[in-house]
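Each reported figure results from applying straightforward, stated rules to the coordinates on display, with no laboratory input. Being a predicted model, the structure only gives us computed values, none of them experimental. Glycine also receives a Cβ, built like all others from the backbone with ideal geometry; neighbour counts cover every protein chain displayed.
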Amino acid sequence: MNLKTMRAGKYRSNGGFFGDCIEWLDARLPLSAFWRKHFSEYLVPKNLNFWYFFGSIALVVLLMQIVTGIFLAMSYQPDATPNADGIPVAFASVEYIMRDVNWGWLIRTTHSTGASAFFFVVYLHIFRCMLYGSYRKPRELLWIVGVVIFYALMAEAFTGYVLPWGQMSFWAAQVITDLASAFPFFGTALADWVRGDFSVGGATLGRFFALHVVALPLALILLVVLHLVALREVGSNNPDGFEAQKRVNVEGTLLDGVSFHPYYTVKEVFALSVFLLVFFSLVFFAPEGGGYFLETENFLPADPLKTPEYIKPLWYFTPFYSMLRAMTRPLLGVDAKLLGVLAMNGAVGVLVFLPWLDRAPVRSIRHRGPVFKVMLSLFVASFLTLGFLGAKPPEYVLWGAIPGAPIARAATFFYYFYFLAMPWWSKIDLCAQETQAA
Amino acid sequence: MTPMTTRAALLAFCLFLPFQSFGGAALPTAPEVPRDALQEGAELFVNECQTCHGLSFVRFGQLAELGFSEKEIAEKLLAGAPGEFMRVAAKRDDQKRWFGVAPPDLSLTVRAHASSEGSGADWLYAYLRSFRRDDASPTGWNNDVFTKVAMPHVLWRMQDATNPEEGAADALSPEDYDRRVATLVGFLAWAGDPHAALRKRVGIGVVAFLLVFSALAYALKREYWRDITGDRRQETGGR
Ligand code: HEM
């Protein structure tokens, strides 16, 4: 590469001050090259539908959580000791933000509603991958990075939930850290190590704060960058599941593609705007989300002497919480608690293997046969059922007639069956030919 | 919309369904209280409840938002400096000895009592109207929505039903008692979420802006995509 080609395509100012600044910067940084590579000349299949918005929306939500989180951290105090009124300092500092910090109520409710929005968006993002087979070759690594992001996101949400030091914060931390003790031999030591004490207390709060504001956000940012780098390498899949990247004309441009900018940037600005409309309607008019974004019991300060009637996580963890509780009997010498812990973690872990479990000749639901459609519907139904039951006490009875516990066990079984039997059922399915044109 | 997107939209909607709260409204709804009646509730709180309960997240100066003047706050409500919190004078350890439990701070009590049976205000309204005499309890009182409560019925003189003196001077008619209790409930609801009114006002502006912005963004998107969807119509005969 000679100097002349290196200089080619650099920004030329039209003489204005602003233009001069950009020219100066572009001469020193690969700005216009970056813009061309990733926006104006980056080709994307032109048939992407609304399911493809959730990735960029997740990116915006991540940014929003970081910005609001920085402002929260300025006034939040990770201190579990009681103040003069007998209220833990951490709890009081959150109320201080809600009442006395200028616009603190907006910052805090945006952050707390943002956590729920994040999961909502990411669940739909993952479901899109399952609909269109986005995890399949060559996007396995992109998908696996996604699964790791999901783990990190769960850890981020859990540590954040503990910080306000309300009743549910405290008792959820107690229940979840106690799970570590299910492991034989080193379990108890592991639980104490995680908590920093023999039970949840000030030491736990301090480390959860450090994880929530530094370690996990840093990990999330790095993972998201990796996710996007991998995406740019293999390109987006599309609702028809065909390999858009393979159909090129003589000049080497995609036949079924359009440039990301302006076509998808305008589309995403619109999608984002609709998302923000729904999101801020909730923030301003239902910040507690009927107890789903901010639980009513978390308006009571943590009291280690008063166990709540029943302890439940926020809605986005309830499917996994259900699986944890569904294991009530030992199996093959493994005790029930450990089985529950394994079932809960394995439910996310099994996703890693999805690219190799799926043996169908086509990617997208549009060309897959009835077996896939039935299995996926049942899978969604069992996941939602688990989520519903996880928010209820374990002895909950559906419609006053069907006990919830065996239903949760059946749904857990089906959740695993969907994945573990996939090599078989995805192969026998009757799939149509993949079409090429969008 | 293609059938696919319709189906997808249906699915997305179904995702919302399990998050709806089911459950009947078992508690009667607390009456709406106009903003200027909250002053009455504030005075009632200071006179009747603050001997035991703190409002440790609310500053006296904030009561100006309910329409009190600075002088009224100092005289009627016997407050200290406006920046001071509405705390209890008694020590928590003493209170624990007297009642068995320290009376909890009431700053968030309305938010903490929301349930599938009703809002937190509904619960508090029911609570303050459900005391009855019970000789078996140490305070001589029990409560239908909070059994074995350690709190005595401090408003007993006002409630005709619980005031033993026939036609006692300070007993109110049942309607007046309910109305006074409602102002107290309204005040504590305000104390739990003092920025609620501002939040809704700002919210209307934000939502209105986003509506307009979404419409403009949609128009822009259509304009750009015309070159692409236009091409496709020619190729595939309109889909
Ligand atoms: C912080 C969370 C995440 C962010 C910010 C993020 C961001 C993105 C973005 C911007 C895209 C491209 C636009 C789109 O296809 O929607 C994308 C694609 C993708 N993401 Fe994510 N993602 C996140 C989490 C996940 C998770 C949890 C998974 C899976 C477990 C995942 C799997 C994928 C896959 C497979 C694609 C390619 C989809 C296709 O081309 O059809 N992502 N992601």
Note down the Stokes-Einstein diffusion coefficient of the range A:1-70 in µm²/s, whole number, using a Kirkwood radius over alpha carbon pairs, 20 °C, and 1.002 mPa s. 140
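Please pull out the direction-averaged projected area of the range A:135-195, using the convex hull of its alpha-carbon atoms, in nm² to one decimal place.
Projected over every direction and averaged, the Cα hull of the range A:135-195 covers 5.5 nm².
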When the Cα centres of the range A:168-187 and the range A:400-433 are compared, how far apart do they sit, in Å? 29
Could you tell me the distance between the Cα centroids of the range A:94-158 and the range A:272-304, to the nearest Å? 15
Ranked by GNM mean-square fluctuation in chain A (Cα springs under 10 Å), the top entry among A:LYS373, A:LYS337, A:LYS37 is A:LYS37
Expressed as a rounded percentage, what relative contact order does the range A:244-362 have, with Cα pairs under 8 Å and six or more residues apart? 11
If I model a spin label at A:ALA8 and A:LYS427 as a point 7 Å from the Cα along the Cα→Cβ vector, what separation in nanometres do I get? 5.1
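At 20 °C and 1.002 mPa s, what whole-number value in µm²/s does Stokes-Einstein give for the translational diffusion of the range B:58-106, with Rh from the Kirkwood sum over Cα pairs?
177
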Summing Lys, Arg as +1 and Asp, Glu as -1, what charge do residues with Cβ under 13 Å from the Cβ of A:MET422 carry, A:MET422 excluded? +2
Where in the range A:357-438 are there chymotrypsin sites (Phe, Trp or Tyr not before Pro) that are in a DSSP coil and have at most 11 other Cβ atoms within 10 angstrom of their Cβ? A:TRP399
Residue-ordered couplings for the range A:83-95, obtained by feeding phi - 60° into the Karplus form 6.51 cos²θ - 1.76 cosθ + 1.60 and rounding to whole Hz (Gly and Pro as x), are 7, 4, 8, x, 9, x, 4, 4, 4, 5, 5, 5, 5
Restricting to lysines and to Cα separations under 21 Å from B:LYS221, and discarding same-chain partners fewer than 8 apart, the set is A:LYS46, A:LYS267
Distance histogram in 10 Å bins (all Cα pairs of the range A:50-311, percent per bin): 6, 26, 30, 21, 11, 5, 1, 0
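What are the semi-axes of the equivalent ellipsoid for the range A:321-438, taken as the square roots of 5 times the Cα gyration tensor eigenvalues, largest first, in whole Å?
Working from the Cα gyration tensor, I get semi-axes of 32, 17, 11 Å.
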Less than 13 Å Cβ to Cβ from B:VAL206, Lys/Arg counted +1 and Asp/Glu -1: what total charge do the surrounding residues give? +3
Rotationally averaged projected area of the range B:25-194 (alpha carbon convex hull; nm²): 10.3
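Using alpha carbon coordinates only, what is the Rg to Rh ratio of the protein assembly as shown, with Rh defined as the Kirkwood radius?
The Rg/Rh ratio comes out at 1.02.
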Taking only C-alpha pairs under 8 Å that are 6+ residues apart, what is the relative contact order of chain A in percent? 20
Proximal aspartates and glutamates to A:LYS373, defined as alpha-carbon separation beneath 13 angstrom and excluding residues fewer than eight positions away on the same chain: A:ASP429
The range B:25-194: relative contact order as a whole-number percent, Cα under 8 Å and 6+ apart: 29
Under a cut-off of 14 Å between alpha-carbon atoms, report the aspartates and glutamates in cross-link reach of B:LYS91, not counting same-chain residues fewer than 8 places apart. A:ASP85, B:ASP105
Compare the peptides A:111-123, A:60-72 by average per-residue count of other Cβ atoms within 10 angstrom and give them in order, highest first. A:111-123, A:60-72
Around B:ALA182, under 12 Å between beta carbons, what's the net of Lys plus Arg minus Asp minus Glu among the other residues? -3
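Note down the magnitude of the dipole of the protein assembly as shown about its Cα centre, charges +1 on Lys and Arg C-beta and -1 on Asp and Glu C-beta and zero elsewhere, to the nearest 20 debye.
That gives a dipole near 3320 debye.
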Given R₀ = 35 Å, FRET efficiency for A:ILE66-B:ALA81 by Cβ-Cβ distance, to 0.05? 0.40
